[in-house]
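Engineer: Below you'll find the structure I mean.
Quick note: the coordinates plus some simple rules give every number you see, no bench work behind them. Note that the structure is predicted; figures quoted are calculated from it, not measured. Positions of Cβ are backbone-derived with ideal geometry, glycine not excepted, and every protein chain shown enters the neighbour counts.
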Amino acid sequence: MSTKKPLRSQAWFGRQDKMGFYYRSFLKNRGFPQDQFEGRPVIGICNTWSELNPCNSHFRTIAEHVRYGVLDAGGFPLEFPVSSLGEVTMRPTAMLYRNLASMDVEEAVRAHPLDGVVLLMGCDKTTPALLMGAASADLPSIGVSGGPQLRGVYQGRTIGSGTNIISMSEQLRAGEITLEEFHEAEAGMNRSSGHCMTMGTASTMASMVEALGVSLPGNAAIPAVDARRNELARFSGRRIVEMVREDLVLSKILTREAFENAIRTLAAIGGSTNAVVHLLAIARRVGVDLTLDDFDRLGKGVHCLVDLMPSGRFLMEDFYYAGGLPVVLRTLVEQGLLHEQALTANGRTMGENVKTAPCWNTEVITSFEAPFKPEAGIAILRGNLAPDGAVIKPSAASPELMNHTGRAVVFESVEDLHHAVDDDSLDIDASCVMVLKYCGPKGYPGMAEVGNMPLPQKLLREGVRDMIRISDARMSGTAYGTVVLHVAPEAAAGGPLALVRNGDLITLDVAAGRLHLHVSDEDLAARRAAWVPPAPAATRGYTKLYVEHVLQANEGADLDFLVGRSGAAVPRDNH
Ligand code: FES
């Protein structure tokens, strides 16, 4: 078995001395024969399986199919666990631990006798965490997503993860449905393995994996329980062995062109705003200087081509049956909007992979000429309220609010919001702008998904279903509304958001990319002089490290000392 350069794993297993005995002997306790250690590429199957993360709870099965593929191709598979981040189970927010999990991945990959890695990713933060860690280690790596759940069904109609939780909880608060109906819908929504089946953050990030070229074509949309998901896992296991032989390290795939492809794809799928933060963080791990301006520049002129929740009607299962992401990528290539020469994990270019991708349902995946929503990429906002930027997802917003000036109603914290929002004495009407502070990376801490604030009950009763909401928080990818997010600098870092007061006028003008607070520079300076920074959110442990080192949203909210990569040089002996 020949390779261009010696296998990294041979620094462990190829030694004919005391250390070689240690390295081989202890693994032989599972019955691996001697020839297993003699030149087979060792493939780590990096598994985020966890019963605490329901979206990844089927990953043992996927790992087995990857293992078959690695064995098919003559590799030596070794599965290992890393932190798993369950979006709905972790508090205060899984995002607090994304960077920690990325450290776990990077260090595990570097410390062990691995030549290549298969990254098993599903629930929202597991995908960026694994990509960030793998990028900093920079071995040959291939992504395999766990796949979305089957579509939710309740009372004979389709319901989508997150999206219908939000709408049904608003209906419950408005008295339009009963608590019994609410409970019954829960099991109907989550009726199979897999991650959220709307185009939320998990499906968006699975699409980003495919658009970046890190996975085999088709990875984004195959349902978790479809046999073809296991087939893709097996093919990925075979392919990673070849990638090791070709020395196709991750940094050869994660180029600037790949990120530009991902940004345009993000616009074309009406993807989650969370992808902005994650792509910025992943890019900075491989030295690609991606900025919010790239999202602004590249998103322009790209139409949303998929009629998927939360912006539209259909779900990921429908997307797969319609042809999946390859159809979107082909359409963008035909428009000259993708770098078709970008290299992908299967060794072929993006253009070669998608040029014949057929579309089976033009209702679900529209043409570029008659798009689902024109010009719907994530918009970047700037102004005296967000000097370093903020984001909004126009495809999920109300057109009549896209250029609006309103009176600020300010909440100093999430607790303040929850305490006050349903108080009928709250001085608020539908024209107001709801402002939430101290929910950014340092402030919450972890930048929670609380930006799509619940609307006041008294306004829900009047039939109001959307208002402008502004915060330094994030928003679930399954959510919708005219919601301005990721305001930077955040309030806890002394950003102007901290200085907003009840009654201030705020203008949102999405077309002009403007977010303006109608308070003079002099008044803002006076408010700043009187501003008292909040006490640090933690005094010990990982959270202290996080708060002291986390970067702002416009820089990917990574830890400052994790930016960049250290590679996978073989570490020193441990004896
Ligand atoms: Fe895991 Fe939505 S909660 S993907």
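Engineer: Loop-only check: which chymotrypsin sites (Phe, Trp or Tyr not before Pro) in segment 304-400 are DSSP coil with at most 14 other Cβ within 10 angstrom? Don't skip to the end; give the middle numbers.
Structural biologist: On the way: sites: 314, 319, 320, 321, 360, 368, 372; in loops: 360, 368, 372.
Of the chymotrypsin sites (Phe, Trp or Tyr not before Pro), the ones in loops of segment 304-400 whose Cβ has at most 14 other Cβ atoms within 10 Å are 360.
Engineer: Can you tell me the dipole magnitude for segment 400-482 around its Cα centre, using point charges on the Cβ only (Lys, Arg +1; Asp, Glu -1), in Debye to the nearest 20?
Structural biologist: Computed charge dipole of segment 400-482: roughly 280 debye.
Engineer: For the chain, count the residues as N, evaluate 2.2 N^0.38 Å, and divide the Cα radius of gyration by that value, please.
Structural biologist: 0.97
Engineer: Tell me which lysines have Cα within less than 22 Å of residue 18's Cα, excluding those fewer than 8 residues away on the same chain?
Structural biologist: Straight-line reach from residue 18, under 22 Å: 28.
Engineer: Mind listing the phi-derived Karplus ³J(HN,Hα) values for segment 442-455, rounded to whole Hz, using 6.51, -1.76 and 1.60 with θ = phi - 60°, and x for any glycine or proline?
Structural biologist: Taking θ as phi minus 60°, the curve returns 7, x, 6, x, x, 6, 5, 8, 10, x, 8, 4, x, 6 Hz for segment 442-455.
Engineer: Out of the trypsin sites (Lys or Arg not before Pro) in segment 467-575, which ones are loop residues according to DSSP with at most 14 other C-beta atoms within 10 Å?
Structural biologist: Within segment 467-575, the qualifying trypsin sites (Lys or Arg not before Pro) (loop, at most 14 other Cβ atoms within 10 Å) are 501, 540, 572.
Engineer: Normalized C-alpha radius of gyration of segment 451-508, against 2.2 N^0.38 Å?
Structural biologist: 1.23
Engineer: Provide the per-residue ³J(HN,Hα) series for segment 570-575, in order, calculated from phi with Karplus coefficients 6.51, -1.76, 1.60 and θ = phi - 60°, each as a whole number of Hz, with x at glycine and proline positions.
Structural biologist: 5, x, 5, 4, 9, 9
Engineer: Across all directions of projection, what mean area in square nanometres is found for the Cα convex hull of segment 318-397?
Structural biologist: Averaged projected area of segment 318-397's Cα convex hull equals 7.3 nm².
Engineer: Oh, and also: Roughly what % of DSSP beta bridges within the chain run antiparallel, to the nearest 5?
Structural biologist: Values: 21 of 49 bridges.
Roughly 45 percent of the DSSP beta bridges within the chain come out antiparallel.
Engineer: Considering the options 122, 315, 391, tell which one lies farthest towards the positive end of the dipole of the chain, charges being +1 on Lys and Arg and -1 on Asp and Glu at the Cβ, about the Cα centre.
Structural biologist: 122
Engineer: Which residues' amide hydrogens lie under 5 Å from the amide hydrogen of residue 78, considering only partners 5 or more residues apart or on another chain, with H built in the peptide plane?
Structural biologist: Those qualifying (amide H under 5 Å, at least 5 residues apart or on another chain) are 43, 44, 45.
Engineer: Taking the Cα centre of segment 117-260 as the origin, how large is its charge dipole in debye, to the nearest 20, when only Lys and Arg (+1) and Asp and Glu (-1) carry charge on their Cβ atoms? Please report the intermediate quantities before stating the final value.
Structural biologist: Details: 13 positive and 16 negative charges, 82 e Å.
The dipole of segment 117-260 has a size of about 400 debye.
Engineer: For residue 314, what residues show an amide H to amide H distance below 5 Å, using hydrogens built from the backbone and excluding near sequence neighbours?
Structural biologist: 308, 309
Engineer: Also, quick follow-up: Whole Å is fine, so just give me how far the alpha carbon centre of segment 153-169 lies from that of segment 482-556.
Structural biologist: The distance from the Cα centre of segment 153-169 to that of segment 482-556 comes to 34 Å.
Engineer: Near the amide H of residue 502, under 5 Å away, which other amide H atoms are found, from residues 5 or more places off or on another chain, if H is placed in the peptide plane?
Structural biologist: Placed amide hydrogens put 410 under 5 Å from residue 502.
Engineer: Tell me, what is a quarter of the convex hull surface for the C-alpha atoms of segment 381-494, in nm² with one decimal?
Structural biologist: Approximately 6.7 nm², given one-decimal rounding.
Engineer: Need one number: convex hull volume per residue for segment 139-243, Cα atoms only, in Å³.
Structural biologist: 99
Engineer: Something else about it: Around residue 510, with a cut-off of 11 angstrom between Cβ atoms, what is the net charge of the other residues, counting Lys and Arg +1 and Asp and Glu -1? Don't skip to the answer; put the middle values down first.
Structural biologist: Numbers: positive: 393, 514; negative: 375, 509.
Surrounding charge for residue 510 is 0.
Engineer: Nearest 10 degrees, 0 to 90: what angle lies between the long axis of helix 18-27 and the longest principal axis of the chain (Cα atoms)?
Structural biologist: 70
Engineer: Along the three principal axes, how long is segment 1-81 when you take its alpha carbons, biggest first, rounded to the nearest angstrom?
Structural biologist: Taking max minus min along each principal axis of the Cα atoms, segment 1-81 gives 44, 26, 21 Å.
Engineer: Hey, another quick one. Using the Karplus curve 6.51 cos²θ - 1.76 cosθ + 1.60 with θ = phi - 60°, work out ³J(HN,Hα) for each residue of segment 271-283 in order, rounded to whole Hz, and write x for Gly and Pro.
Structural biologist: Values per residue, Gly and Pro as x: x, 5, 4, 4, 4, 4, 4, 5, 5, 4, 5, 5, 4 Hz.
Engineer: Explain nothing, just the number: dipole magnitude of the chain about its Cα centre with +1 on each Lys and Arg Cβ and -1 on each Asp and Glu Cβ, in debye rounded to the nearest 20.
Structural biologist: It works out to roughly 1920 debye.
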